[in-house]
Amino acid sequence: MTLLYEGKAKKIHATDTEGILRVEYKDEVTAGNGAKKDYIEGKGRLNNLITSKLFNSLKQQGLESHFIEQISETEQLVQSVDIIPLEVVVRNIAAGSITKRLGFDKGHSFEQPLVEFFYKNDKLNDPLITDDHVKLLHIANDDEISTLKAAALKINEALVSIMDQVDLRLVDFKIEFGKTTKGDIILADEISPDTCRIWDKHSDVNFDKDVYREDRGSIIDTYQTFLNKLEAL
Ligand code: UDP
């Protein structure tokens, strides 16, 4: 089947059914907008299993996404959507770029979850943008911006609760949304340790891509341990 798109971590293929795509998770891992890059066997499988599990859990809580079903260890079927070129980041605890940008100490708990928009544009290095920028770039209008923020916060609540049940803290995560042919905005892309920061509640162990970014051990062992925790739910 036709390969429609190949990104850093996934390939998107057409299927025989209009409106349905096949996502194949790749064994590649990158950090720093591709500056660090490796092939790590088994990583695609883990992110596919974790994303499928999390999208299914969100669905059970009434939160729809593009996800239809997992069809193999490394593949899932999804609804075709037009991806909105925003990385929507939700933060509960300070880590990563916000510690450098605004001087929050790593580990600082925010009084309320923070939603940020980054413009998905590799050439520009995915800059942080304001609501007004989003409007001027014709990415989304006021109503759509409100929809994106409200959805991101609901997804955060649901994910925090899932992580809490397995003694983990959801520090931050990045999600993407897409528009259906009807114009509805739905959650798309993936939710995996590549796109979240997840810390143990009782120790300084973490279960996310920072292990790779900071060369602190095997991401396969890390992601597998995280999956095992989710499967115990
Ligand atoms: N994130 C992501 N893709 C990106 C940038 C960030 O999935 O291109 C995730 C990242 O894993 C973290 C959250 O978004 O969970 C916030 O990332 P941050 O802005 O702190 O950027 P970083 O310093 O991690 O690049």
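Read the figures in this text as sums done on the coordinates, not as results from a lab. What you see is a predicted model, and the numbers here were worked out from it, not measured in a lab. Don't worry about glycine lacking a Cβ; one is built from the backbone with ideal geometry, like all the others, and counts go over all protein chains shown.
Summary table below
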quantity	calculated
From the options GLY183, GLY178, residue that is surrounded by 19 or more Cβ atoms within 10 Å (Cβ to Cβ) and away from the ligand (no atom under 14 Å from the Cβ)	GLY178
Those helices (runs of 4 or more DSSP H) lying entirely in the stretch 115-231 with at least 1 residues farther than 26 Å from GLN76 by Cα	131-136, 142-165, 210-213
Residue list for the stretch 186-219, filter: hydrophobic (A, V, I, L, M, F, W, C), more than 12 Å from the ligand (Cβ to nearest atom) and touching an Asp or Glu at 6+ places or on another chain (Cβ under 8 Å)	ILE186, LEU187, ALA188
Residues that are under 14 Å from LEU153 (Cα atoms) and polar (S, T, N, Q), drawn from the stretch 95-116	GLN112
Failed item, numbered, when LEU4 is tested on (1) in a loop (DSSP other than H, G, I, E, B); (2) more than 17 Å from the chain's Cα centre (by Cα)	(1)
Qualifying residue in the stretch 146-167 (condition: within 11 Å of the ligand (Cβ to nearest atom) and of a type in the set (D, E, K, R))	no
Given (1) away from the ligand (no atom under 11 Å from the Cβ); (2) closer than 27 Å to HIS138 by Cβ, index of the condition ARG91 fails	(1)
Subset of the stretch 163-205 [free of Cβ contacts under 8 Å to residues at least 40 places away in the same chain and within 8 Å of the chain's Cα centre (by Cα)]	THR195, CYS196
Meets criteria (at positive phi, within 16 Å of the ligand (Cβ to nearest atom) and not aliphatic (A, V, I, L, M)) for ASN47	no
Residues within the stretch 70-126 that are free of Cβ contacts under 8 Å to residues at least 40 places away in the same chain and closer than 23 Å to ASN56 by Cβ, tallied	3
Residues (crowded, with 19+ Cβ neighbours inside 10 Å and touching a Pro at 6+ places or on another chain (Cβ under 9 Å)) located in the stretch 146-171	ALA152, ASN156
Which listed residue, of SER109, SER80, is small (Gly, Ala, Ser), surrounded by 15 or more Cβ atoms within 10 Å (Cβ to Cβ) and more than 11 Å from the ligand (Cβ to nearest atom)	SER80
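Per-residue answers, yes or no, for (1) out of contact with any helix residue (DSSP H, G or I) (no Cβ under 7 Å at 6 or more places or on another chain); (2) of a type in the set (A, V, I, L, M); (3) closer than 19 Å to LYS149 by Cβ; (4) part of a loop (DSSP other than H, G, I, E, B):
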| site | (1), (2), (3), (4) |
| --- | --- |
| ASN33 | no, no, no, yes |
| LEU46 | no, yes, no, no |
| LEU49 | no, yes, no, no |
| ASN56 | yes, no, no, no |
| LEU77 | yes, yes, no, no |
| GLU87 | yes, no, yes, no |
| VAL90 | no, yes, yes, no |
| ARG101 | yes, no, no, no |
